[in-house]
C-alpha cells in the first residue's frame with residue numbers, strides 16, 4: 001500500500017471529535033461571535049488574492065484543533081508527499097495521480113519509471129501552443145481555404161465538463177472563435193449543435209483517452225458523416241483533431257497522427273482540463289491565458305503541499321466538510337458563485353467531488369460503516385436566492401454553503417457590482433443570524449400590524465439562523481485566479497479521500513451501467529429482448545413497440 005490505510009473512526013481524534021460535537025452541536029454562531037470578538041480574524045486565511053473566511057462555521061478553536069489532529073493521525077502529510085512524488089496512489093488501477101504535473105514549470109522534474117514526465121508534458125504544451133496560434137491567427141485554414149470560425153469539442157465527463165466550465169468562466173477573455181460542446185449521446189443534442197454550422201469553417205476536437213467511449217465516438221461519427229455530406233472524405237484530416245492515447249483507433253477514424261494530442265494514464269478524466277483536453281480552452285482564450293490558468297493552479301498546489309495545516313486552504317475546507325458530513329450527518333453542500341461566468345462550476349464540481357469520493361469500500365477493501373462523499377449542488381447568486389435559498393434559510397435540512405465572490409467586476413459596472421456583492425455579504429449574515437421572534441414582532445409592530453395578524457404571521461417569519469457558510473472572496477476573475485480556485489477544490493477532494501480512507505481516483509461505479517447498456521443496445525437493435533427483471537422487460541417491450 002502506498003497510502004496510509006487508517007480507519008478514521010478508530011482514531012483518538014475521531015473519538016474526541018464525537019465528544020466535542022455533543023458539547024457544541026446546539027451552540028449558535030451568534031454566541032460564538034459574542035464570546036470571541038476576533039473570531040473573523042482567527043478563522044480566516046489570506047493567500048495571494050484570495051481571502052477565505054470560515055468564521056461563520058459551527059466550530060471553535062477546539063473543533064479546528066481536533067479536526068487537524070484527525071488529519072495528522074490518519075497521516076495526511078505523508079499522503080500528500082506520496083501524491084506529489086508520483087507514487088501509485090490510484091492503486092486499484094495501478095496508476096499515479098499527477099494532474100498536478102500538468103501545471104508544474106518545465107524547469108522541474110518528476111520521474112515515473114525512470115522517465116522525467118515534465119519533458120513530455122512540455123512537449124505536448126508546445127504542440128498545443130503552436131496549433132492554437134495557427135488556428136486563431138488564421139494561418140491554419142479549412143479545406144476550402146477559409147478561416148475557422150467555430151470549434152466543436154466532442155467529449156463527455158471530464159472531457160466535456162472541464163473545458164466547457166473553463167471557457168464559460170473565462171468568457172470575458174474569449175477571442176473571435178465560437179465554441180460548441182457536444183457530449184450527450186442524445187441525437188437531438190448533436191444535431192441541434194450541427195444544424196447552424198458551416199462545414200467549411202468548423203474544426204472538431206474529439207476528446208477520448210481510449211477513443212472508444214460510446215457517447216463520444218457516436219457523436220464524432222455523426223459529426224464526420226455530417227461533414228462528409230458536403231466535403232470530400234480526405235478533408236476530414238483538415239477539420240478533425242483528437243486528444244487521445246489510442247493512436248490506432250484515431251487513425252482508423254480518419255484523423256492524421258500529427259493531429260493527435262496525447263494523454264497519459266496518470267491523468268484522470270475529471271482532472272484533465274490542464275492537459276491537451278484543454279485544447280478547446282486554448283482555442284477559445286489563447287495559449288497565454290491557458291498558461292496563466294496553469295500558473296494559478298500550480299501556485300495553489302504549492303500552497304497545499306507546503307503550508308502548515310492551520311493555514312492551508314484545501315485542508316481547512318476539506319476538514320470542515322468532514323465535520324459536517326460525519327458529525328452533523330449533513331447530506332449535501334451548496335456552492336454558490338456570485339458570478340454568472342461561473343454558472344457551470346457547480347456542475348463541474350459535482351463530477352469532481354461525487355465521482356471521486358462516492359465510495360463505500362475503504363483502502364483495505366472493507367465495507368465502510370461511516371459516511372463518505374458529499375452531494376454537491378448550486379447555481380449562481382443572485383439567481384439562487386430566488387430559487388432554493390428558502391430551503392437553506394427555513395427548511396429542515398442543515399446545508400453548509402460556500403459563497404464565491406469577486407471584489408472587482410470585469411466590465412467595471414460598479415452599480416451592478418455593488419448590488420451583487422451586497423447580496424453576497426447579506427446572505428451569509430442572514431444565514432448566520434436569522435431573525436428572532438422579538439425582531440419579527442418589532443418589525444410588524446412598526447407597520448401597525450393588527451394583533452390577529454401578528455399571531456398568525458410571526459411563526460412564519462422567524463428564521464432560526466445558525467446556518468454555516470464559508471466565504472471565498474477573490475480580487476478579480478482572471479485565468480490565474482480561476483486556476484487557483486479549481487486546484488483548491490481538487491486538493492480538497494484529495495484531503496477528504498485520505499480522511500475517509502478511500503481511493504478517490506478510480507471510478508468503477510460508472511462501469512456497470514455501461515456494460516448493461518451495451519447488452520441492452522444489442523437487444524434493441526435485434527428486437528430480441530432477453531431475460532431481465534419484469535420492469536426492465538416491460539419498458540423495453542414498450543419502447544420497441546413504439547419504435548416499430
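Read-outs: derived from the displayed coordinates by stated rules, not from any lab. Bear in mind that the values here come from a model prediction, so they are computed numbers and not experimental data. Ideal geometry is used to build each Cβ from the backbone, glycine not excepted, and the neighbour counts take in all protein chains shown.
Extending each Cα 7 Å along its Cβ direction at residue 510 and residue 23, get the distance between those two points in nm, one decimal.
Taking the two extended label points, one gets 4.4 nm.
Please give the peptides 18-26, 378-386 ranked by average Cβ packing (other Cβ atoms within 10 Å per residue), highest first, as a rough proxy for protection. Please list the in-between numbers first.
Details: 18-26: 12.4, 378-386: 18.9.
Going by the mean number of other Cβ atoms within 10 Å, highest first, we get 378-386, 18-26.
I need 275, 367 ordered by Cβ neighbour count within 10 Å, fewest first.
If I rank by nearby Cβ atoms, fewest first, I get 367, 275.
May I ask you to work out the translational diffusion coefficient for region 114-290 at 10 °C, viscosity 1.306 mPa s, via Stokes-Einstein with Rh from the Kirkwood sum over Cα pairs, reported in whole µm²/s? Show your work: numbers first, answer last.
Working: Rh = 16.0 Å.
The calculation lands on 99 µm²/s.
Could you work out how far the C-alpha centroid of region 195-220 sits from that of region 324-373, in angstrom?
Here the two parts' Cα centres lie 30 Å apart.
What number, in percent, do you get for the relative contact order of region 1-108 if the mean sequence gap of Cα pairs under 8 Å and at least 6 apart is divided by its residue count? Please list the in-between numbers first.
Numbers: 85 pairs, mean separation 34.7, N = 108.
Contact order relative to length: 32 percent.
What is the distance, in nm, between label points placed 7 Å from the Cα along the Cα-to-Cβ direction at residue 212 and at residue 176?
The two pseudo-label positions are separated by 4.2 nm.
Alpha carbon centre of region 44-113 versus region 265-321: separation in Å?
12 Å
Could you work out [θ]222 nm for the chain from helices alone, using -39500 (n - 2.57) per DSSP H run of at least four and dividing by all its residues? Round to the nearest 500 deg cm²/dmol.
Values: 22 runs with 259 residues, N = 548.
Taking each H run of at least 4 residues, the total per residue is -14500 deg cm²/dmol.
What is the packing order of peptides 51-62, 254-265, 489-500, taking the mean over residues of other C-beta atoms within 10 Å and listing the highest first?
Details: 51-62: 19.9, 254-265: 17.1, 489-500: 24.2.
So the peptides 51-62, 254-265, 489-500, ranked by packing, come out 489-500, 51-62, 254-265.
Given 0.36 nm per residue, what is the gain on full extension from residue 130 to residue 88 after removing their alpha carbon distance, in nm? Can you show the working numbers first?
Details: separation 42, 0.36 × 42 = 15.12 nm, distance 3.25 nm.
The residue 130-residue 88 span can extend by a further 11.9 nm.
I'd like the antiparallel share, as a percent to the nearest 5, of DSSP beta bridges with both residues in the chain. Don't skip to the end; give the middle numbers.
Working: 14 of 43 bridges.
Counting only bridges with both partners in the chain, antiparallel ones make up about 35 percent.
Is any residue of region 374-417 close enough, with backbone N under 19 Å, to a label point placed 7 angstrom from the Cα of residue 329 along the Cα-Cβ axis, and if so, which?
374-375, 395-400
What is the order of 421, 432, fewest Cβ neighbours within 10 Å to most? Write down the numbers at each step before the final one.
On the way: 421 17, 432 21.
Going from least to most buried by this count: 421, 432.
Please report, in whole Å³, the volume per residue of the convex hull around the C-alpha atoms of region 425-548. Don't skip to the end; give the middle numbers.
Values: hull volume 41.6 nm³, N = 124.
So the per-residue Cα hull volume is 336 Å³.
In percent, what relative contact order does the chain have, based on Cα pairs under 8 Å that are 6 or more apart in sequence? Intermediate values should be presented prior to the final figure.
Details: 873 pairs, mean separation 100.5, N = 548.
Relative contact order comes out at 18 percent.
Using the beta-carbon distance between residue 196 and residue 258 and R0 = 22 Å, what value does 1/(1 + (r/R0)^6) give for FRET efficiency, to the nearest 0.05? Don't skip to the end; give the middle numbers.
Details: r = 30 Å, r/R0 = 1.36.
E between residue 196 and residue 258, to the nearest 0.05, is 0.15.
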